[in-house]
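Novice: Here it is, the structure, as structure tokens.
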Amino acid sequence: SKLAQHAHFRSPTNPLHHLLIMKIAAAALLLAASANAFTAPRVHNSRTATSLSVAQADLDGAQGMIDDILKTKNCGPVFVRLAWHDSGTHDCNIKEEWPASGGAIGSIRFDPEINHGANAGLAGAVKILEPVKEKYPEVSYADIFQMASARGIELAGGPKIDMKYGRVDATGPEMCSPEGNLPDAEAGPEGKFGGAGGTASTEDESAAGHLRKVFHRMGLDDEAIVALSGAHTFGRAYADRSGLGAEKTKFTDGSATKLADGSETTSYTPGGSPWVENWLVFDNSYFTTITDESTDEELLKLTSDKCLWEDEKFGPFAKKFAEKDAFFESYAKAHKALSELGSKFENVE
């Protein structure tokens, strides 16, 4: 969304993103991936587990380049989804030496992880960020991915996130996490959410139970689950990525859409289905749209969205986040926690 696509995972380009991801069409996606496997980015003379630090000047330079990319391409949602799918593999119950527990370690750039069904479309996001790595090789991929996500949200009007940098990168495919750790937005053909794959089963008959199995495995709580789901306000879901959404809608057909500063843009790739009308603005409109029966029928309202109001423990947070400041406060904390899952940090000078 968001976290699966969630679109983010979810997302869509959303984050949470886009983010939640279905198992439907995963087989087809993986077949396509095997025929067109993404080649890992060229090896740069970058920091390894033996390095001690990265310069703040390099981080600042990388951020400047990322900001320019975001302003030119309006690709914040897919950067959120990239970062979340890198960090969202984390299993807090795995106590072996780093990076066995997965997380925000930059492993998503390697095959097979980049070709997992839930990561369809993310190879392009890695490619967009390659020039940043080329100019600032001492900044890790893991930092670049997480920085692009946080900056995408901030520049879209979202909260400022207290990001920490200095992550050490995974160095090869052997450090990739197994497939199956990311969330589903809808049930599979047998009526169940999730599956037995990944580091622990996420299978459940209910969307709420599935989300808990996914996010509690990461070490995140119910408030964080609901807050991160709110990132579906930013981005779209695509049928060829998550198995969800229309080819295009009246909100994503290339016509003008609003930006955080009040201006409008047509500088985006048409297609997909958003959760809210102004899908390039990060605000709390997700929490006022999903429960509004008068909203446009082309807007997404998935089972994994509606369960946030139906579940006894999720519900109070979903209702609370109809107030923007409350949402931003919780979201910023949850995003920071997600961005640091499984990371090994070195010094920033």
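Novice: Hey, any hits in region 274-292 for a residue that's farther than 28 Å from Gln146 by Cβ, open to solvent by 50 Å² or more (accessible area, probe 1.4 Å) and among the polar types (S, T, N, Q)?
Specialist: Scanning region 274-292, I find at least one residue that is farther than 28 Å from Gln146 by Cβ, open to solvent by 50 Å² or more (accessible area, probe 1.4 Å) and among the polar types (S, T, N, Q), so the answer is yes.
Novice: Can you tell me which condition Pro137 does not meet? The list is (1) out of contact with any Leu (no Cβ under 6 Å at 6 or more places or on another chain); (2) assigned to a loop (DSSP other than H, G, I, E, B); (3) closer than 26 Å to Asp221 by Cα, and all the others hold.
Specialist: If we test Pro137 against (1) out of contact with any Leu (no Cβ under 6 Å at 6 or more places or on another chain); (2) assigned to a loop (DSSP other than H, G, I, E, B); (3) closer than 26 Å to Asp221 by Cα, just (3) comes out false.
Novice: Which of the following residues is among the small types (Gly, Ala, Ser), outside any loop (DSSP other than H, G, I, E, B) and surrounded by 24 or more Cβ atoms within 10 Å (Cβ to Cβ): Ala185, Ala150, Ala170, Ala208?
Specialist: Exactly one of Ala185, Ala150, Ala170, Ala208 is among the small types (Gly, Ala, Ser), outside any loop (DSSP other than H, G, I, E, B) and surrounded by 24 or more Cβ atoms within 10 Å (Cβ to Cβ), namely Ala150.
Novice: Among the residues of region 71-114, what is the count of those that are open to solvent by 10 Å² or more (accessible area, probe 1.4 Å), more than 19 Å from His335 (Cα to Cα) and in contact with a Leu (Cβ under 8 Å, 6 or more places away or on another chain)?
Specialist: 2
Novice: Among the residues in region 120-137, are any closer than 26 Å to Gly180 by Cβ, over 14 Å from the mean Cα position of the chain (by Cα) and either crowded, with 18+ Cβ neighbours inside 10 Å or of a type in the set (Asp, Glu) (or both)?
Specialist: Scanning region 120-137, I find at least one residue that is closer than 26 Å to Gly180 by Cβ, over 14 Å from the mean Cα position of the chain (by Cα) and either crowded, with 18+ Cβ neighbours inside 10 Å or of a type in the set (Asp, Glu) (or both), so the answer is yes.
Novice: Further question on the same structure: Could you identify the single residue in Ala260, Ala318, Ala239, Ala256 that is crowded, with 18+ Cβ neighbours inside 10 Å and aliphatic (A, V, I, L, M)?
Specialist: Sole residue among the options that is crowded, with 18+ Cβ neighbours inside 10 Å and aliphatic (A, V, I, L, M): Ala318.
Novice: Right, another one. Which pairs do you get when a residue that is on the phi > 0 side of the Ramachandran plot, found in region 112-129, comes within reach of a residue that is not polar (S, T, N, Q), reach meaning Cβ atoms under 7 angstrom, with the pair 6+ apart or on two chains?
Specialist: Here the result reads Gly121/Tyr238; Gly121/Arg241, each pair linking region 112-129 to a residue that is not polar (S, T, N, Q).
Novice: Let me ask something else. Any idea which of Ser101, Ser53, Ser107 is of a type outside the set (Asp, Glu) and in contact with a helix residue (DSSP H, G or I) (Cβ under 7 Å, 6 or more places away or on another chain)?
Specialist: Checking each option against the conditions leaves just Ser107.
Novice: What number of residues within region 264-294 are among the hydroxyl-bearing types (Ser, Thr, Tyr) and farther than 13 Å from Gly254 by Cα?
Specialist: 6
Conditions (1) more than 17 Å from Val80 (Cβ to Cβ); (2) charged (D, E, K, R); (3) at pLDDT 95 or above; (4) assigned to a loop (DSSP other than H, G, I, E, B), marked per residue:
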{"position": "Asn278", "(1), (2), (3), (4)": "no, no, yes, yes"}
{"position": "Ser294", "(1), (2), (3), (4)": "yes, no, yes, yes"}
{"position": "Phe317", "(1), (2), (3), (4)": "yes, no, yes, no"}
{"position": "Ala322", "(1), (2), (3), (4)": "yes, no, yes, yes"}
{"position": "Lys336", "(1), (2), (3), (4)": "no, yes, yes, no"}
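Novice: Conditions first: (1) in a helix (DSSP H, G or I); (2) open to solvent by 10 Å² or more (accessible area, probe 1.4 Å). Leu299 passes all but one, so which condition is the exception?
Specialist: Here Leu299 clears every test but (1).
Novice: Identify, from the list Thr252, Thr289, the residue that is touching a Pro at 6+ places or on another chain (Cβ under 7 Å), among the hydroxyl-bearing types (Ser, Thr, Tyr) and modelled with pLDDT of 95 or more. Talk me through it step by step, then tell me what you get.
Specialist: Values: Thr289 fails: touching a Pro at 6+ places or on another chain (Cβ under 7 Å).
When all the criteria are applied, what remains is Thr252.
Novice: In addition: List the helices (runs of 4 or more DSSP H) inside region 25-105, counting only whole elements, that have at least 3 residues being of a type in the set (A, V, I, L, M, F, W, C) and at pLDDT 50 or above. Steps first, answer last, please.
Specialist: On the way: elements: 26-35, 56-73, 76-87.
Once the helices (runs of 4 or more DSSP H) in region 25-105 are filtered for at least 3 residues that are of a type in the set (A, V, I, L, M, F, W, C) and at pLDDT 50 or above, what remains is 56-73, 76-87.
The values are calculated or read from the model by the stated rules, or taken from the named source; none is laboratory data. These numbers come from a predicted model, not from an experiment. For neighbour counting, all protein chains shown are included, and Cβ atoms are generated from backbone atoms with ideal geometry for every residue, glycine included. Remember, those area values only see protein heavy atoms, side chains included, never the ligands or the DNA or RNA. Shrake-Rupley method; radii C 1.70, N 1.55, O 1.52, S 1.80 Å.
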